[in-house]
Amino acid sequence: YSKSAELLERSKKVLAGGVSSEFRKYNHPHAIFYTHGKGSHLFDVDGNDYLDFTLSQGPLILGHSHPHVLKSVADYSEEGQLFAGQHIKEVELAETLNRLIPSAELMRFCLDGSEAVQTAFRVARAKTGKQKFLRFEGHYHGWLDNVAWGISTPSADALGSRENPNVFPWSAGLPEHSKDEFIILPWNDLDLVKKTLADHHHEIAAIITEPIMCNNGCIVPQEGFLQGLRDLCGQYGIALIFDEVITGFRMSIGGSQRYFGITPDMSIFAKAMGSGYPISAIVGKREWMSLIEDAKVIHAGTMNSSNPTIAAALATIEVLEKENPYERMFRLGNKLMDGLRKAAADHNHNLLVQGPGPMFNIGFTDLKSVKDYRDTLSYDRAKLGKFISAMHDERIRIIGRGLWYISAAHTEEDIDHAIEVSARVLGSI
Ligand code: PMP
C-alpha cells in the first residue's frame with residue numbers, strides 16, 4: 001500500500017482527515033486510494049484488485065461503472081448540464097418513480113439523502129403545525145444539524161448501555177436547540193411507540209424510520225411493527241416517513257414499502273437510485289407533498305435534477321427493471337450469510353449474521369439470550385476489526401462496521417470466493 005500511504009500524507013495536508021466523505025475509517029488499517037472500479041471489483045493505486053462488498057456505502061447497486069449508466073450520463077450530458085427549469089427527462093424519471101413506488105404520488109428531486117430527509121420534516125411540520133419528530137435509536141437519517149444529535153454509530157458502545165442508551169458522540173458544533181426536535185425510542189417496540197404517542201402526539205409531526213435498521217446490525221422489523229406505525233400515524237394524523245435511502249431499489253424496485261406492502265406518507269430515496277451520481281428523491285402522497293406544490297413549503301436547490309444525475313437514475317432503473325436482479329441478490333446474499341455462519345461455527349466463533357440478504361451485517365458476540373435487538377448489537381469490535389483487516393489483506397472489502405452489500409454485478413463465483421476466504425480468515429483470527 002505504499003502509493004496509497006504516500007497519497008494519504010499528501011491529502012492530509014489539504015483535505016481534513018485526508019478524505020472528503022467518510023468521517024472515520026472504521027476498522028480499515030489503510031486509507032486506500034482507488035484508480036477505477038469495474039463490476040464487483042475495485043482497483044487501487046498500488047495495483048491491488050479488490051472484491052467489493054462496500055459498493056461505496058451502497059449506491060452501486062449495478063456494480064462499478066455499469067456501461068449503460070455511463071453511456072446514458074455521457075449522452076444526456078452532451079445536451080447540456082443543468083437547465084434549472086423543466087425538462088422532459090425529469091418528468092420521465094418522476095413518472096417512473098410514480099409507477100414503481102407505492103407512496104410516490106408527487107415528488108421532488110434533491111442531491112442526497114440528508115437533504116431530502118429535511119424536506120420531508122419541513123412538509124410534516126407545515127401540514128401538522130407540530131414541531132417534533134419521533135425517531136429510533138441506531139437509525140441514521142443523515143448528518144445535518146438536527147438528526148446528527150444521537151447519530152447512529154456502528155457499535156453497541158456508542159448506542160450506549162441499556163440504562164443509558166442515547167449517547168451522543170460527534171456533537172461538537174451542533175445547535176443545542178435542535179436536540180429537542182426529537183423523541184428517540186428503541187426500535188421494534190410498538191407498545192412503547194403507542195404509549196409515547198398517547199402522551200406526546202400533540203407535539204409530534206412525524207415518525208421517521210428506516211424500514212430495516214440498516215445502519216446498526218441490519219435488523220428487519222418485527223412482524224406488525226411497520227403496520228403498527230402506519231395505523232398509529234393514521235390515527236393521530238401525523239406523517240409516517242420511511243427513510244429508504246438504503247432499502248430503496250435494494251429490497252425491491254419499489255423499495256421496502258413495496259416489499260413489505262406498507263405505504264408511508266412520505267419517503268426518501270437516494271443511494272442506489274443514481275448509481276453513484278448525486279440524486280435523491282422525496283416522494284409522498286399528494287395530501288402531504290402538495291404543500292410544496294402550493295408553495296407553502298420551500299424546496300429549492302440550484303443543482304437539483306442536473307442532466308447527468310437524471311440520466312444516471314433513469315438508466316439505473318431501466319437496468320433494474322429489465323434484468324430484475326432481486327431474486328438473485330437475495331439468493332446470493334443468503335448464500336453468503338449461510339456460508340459465513342457455517343465457517344464461523346466450524347472455527348468456534350460466535351458470529352451473528354443478520355439481514356435480509358441484499359445487505360446484511362456481521363458481528364462477533366457472546367450472545368446467550370436475546371431480550372430485544374439491542375442485545376444483538378453487543379459486538380466484539382476488536383475481533384471484527386481483525387476480521388475486516390484480514391479480509392482486506394485478502395482483497396475483499398466490507399464496510400468497517402460489518403455491513404456487506406450485494407450488487408447485481410456480484411457473481412456466484414464472487415460469493416463462493418468470499419465464503420472460502422472468510423473461512424480461511426476465520427480460521428486464522
Ligand atoms: N438515511 C439513511 C438511512 C442513510 O443510510 C443515509 C446515508 N448513509 C442517509 C439517510 C443520508 O444520506 P446521504 O449520505 O446521501 O446524505
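Only the coordinates and a few stated rules stand behind these numbers; no lab work does. If you're wondering where the values come from, they're calculated on a predicted model, not measured in any experiment. Positions of Cβ are backbone-derived with ideal geometry, glycine not excepted, and every protein chain shown enters the neighbour counts.
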Everything considered on the Cα gyration tensor (a ≥ b ≥ c; rounded for a/c under 1.5, else prolate if a/b is larger than b/c, else oblate), segment 67-323 must be described as prolate
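With a cap of 16 neighbouring Cβ atoms within 10 Å, and only residues DSSP puts in a loop, list the GluC sites (Glu not before Pro) found in segment 208-296. All intermediate terms of the calculation are to be shown ahead of the outcome.
On the way: sites: E223, E244, E287, E293; in loops: E223, E244.
Answer in residue order: E223.
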Flagged as over-length at 23 Å C-alpha distance, from K12/K179; K12/K386; K271/K322, the pairs are K12/K179; K12/K386
Counting every C-alpha pair in the chain, the percent lying more than 40 Å apart is 15 percent
Bridge orientation stat for segment 67-323 from DSSP, antiparallel percent rounded to 5, came to 40 percent
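Can you say what percent of the DSSP beta bridges in the chain, counting only those with both residues inside, are antiparallel? Round to 5. Show your work: numbers first, answer last.
On the way: 26 of 43 bridges.
Around 60 percent antiparallel, to the nearest 5.
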Output row, site K38, 7 Å Cα→C-beta label point, backbone N cut-off 17 Å, window segment 397-416, residues 409-411, 414
For N98 and S290, extending 7 Å from Cα along the Cα-Cβ vector and measuring point to point gives, in nm, a value of 1.5 nm
Pseudo-spin-label distance H200 to Y236, built 7 Å along Cα→Cβ, given in nm, is 0.8 nm
Applying the gyration tensor rule to the Cα atoms of segment 225-310 (axes a ≥ b ≥ c; rounded if a/c under 1.5, else prolate if a/b exceeds b/c, else oblate), the class is oblate
Hydrophobic long helices for the chain, i.e. whole DSSP H runs reaching 20 angstrom or more by Cα along the axis with Kyte-Doolittle mean at least 0.0, come out as 307-323
When the charge dipole of the chain is computed with +1 at the Cβ of Lys and Arg and -1 at the Cβ of Asp and Glu, the Cα pointing farthest to the positive end, of H200, F249, G355, is that of H200
Over all Cα pairs of segment 1-155, the Kirkwood radius sets Rh, and Rg/Rh then becomes 1.01
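Using a/c under 1.5 as the rounded threshold, could you call segment 355-405 rounded, prolate or oblate? The axes a ≥ b ≥ c are square roots of the C-alpha gyration tensor eigenvalues, and prolate needs a/b larger than b/c, oblate otherwise. Working shown, then result.
On the way: a/c = 3.36, a/b = 1.54, b/c = 2.18.
Taking the square roots of the gyration eigenvalues as a ≥ b ≥ c, segment 355-405 is oblate.
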Residue separation between Q57 and E412 times 0.36 nm, minus their alpha-carbon distance, gives in nm 125.6 nm
For K89, counting only aspartates and glutamates whose alpha-carbon sits under 18 Å away and dropping same-chain residues fewer than eight positions off, the answer is D75, E78, E79, E105, E318, E321
